[in-house]
1. Mind listing whichever residues of segment 13-34 are within 12 Å of the chain's Cα centre (by Cα), surrounded by 10 or more Cβ atoms within 10 Å (Cβ to Cβ) and either of a type in the set (V, I, T) or not in a loop (DSSP other than H, G, I, E, B) (or both)?
2. Report, ordered by the first and then the second residue, all pairs with beta carbons closer than 7 Å, sequence separation of six or more or different chains, a first member in segment 6-19 that is more than 14 Å from N36 (Cβ to Cβ), and a second member that is at pLDDT 85 or above and not acidic (D, E).
3. Hey, among P37, P10, which residue is loosely packed, with under 10 Cβ neighbours inside 10 Å and within 15 Å of the chain's Cα centre (by Cα)?
Amino acid sequence: MAKGIGNGYPLAAVVTTPEIAAGLGKALHFNTFGGNPVGSAIGSAVLDVSALWLLWLPTE
């Protein structure tokens, strides 16, 4: 899902269960662009447009 959420900007997401996520807290995790304010703004804008245009409806 990384390409769609950033509209061409390098963003990514992880979707998992709560049980698996609990185990991730025990592992070392590193990301190159983590905490980038531009990436955060772009991700937020993509979510705004998705909500405005109801882009998830064709998937139901």
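1. V14
2. Matching pairs, first to second residue: N7/I42; N7/V46.
3. The conditions single out P37.
The values are calculated or read from the model by the stated rules, or taken from the named source; none is laboratory data. This is a predicted model, so every value here is computed, not measured. Using ideal geometry, Cβ is built from the backbone for each residue, glycine included, and neighbour counts are taken over all protein chains shown.
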